[in-house]
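Please read the structure below before turning to the comments.
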Amino acid sequence: MTDVPPDPAPDDAEQQCSAKGCRDAAVWALRWNNPKIHTPERRKIWLACDAHREHLSTFLDRRGFLRDVVPLSELDEPA
């Protein structure tokens, strides 16, 4: 298999929470993939503020998509 890099990190102007309607600054990166459509190495990224980290993590985890959650400052580190 080939190494597939994660999706690029959003630039600074776009680093806000991914929760619907939230415009707060993101502090967490939720790395996930859908095993039905993504290769195992692929990582999609949702960003979360402190208030929405648990909700977004639970949403992804219940579907078996959540791979890990890291502080946004560590986003460039390997999964």
Rounded to one decimal in nm, the spacing of the 7 Å Cα→Cβ label points at H55 and V70 is 2.6 nm
Looking at the square roots a ≥ b ≥ c of the eigenvalues of the Cα gyration tensor of region 17-79, which shape do they give, rounded for a/c under 1.5, prolate if a/b is larger than b/c, or oblate? oblate
Given backbone amide H placed at 1.01 Å from N, residues whose amide H is under 5 Å from that of A19, ignoring those fewer than 5 places away on the same chain, are C49
Surrounding charge for N33, neighbours by C-beta under 9 angstrom, Lys/Arg +1, Asp/Glu -1, total +4
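Since every read-out is calculated from the coordinates, none of them should be taken as a lab result. Everything numeric here is computed off the predicted structure, so don't read it as measured data. Virtual Cβ from ideal backbone geometry, glycine too; neighbours counted across all protein chains shown.
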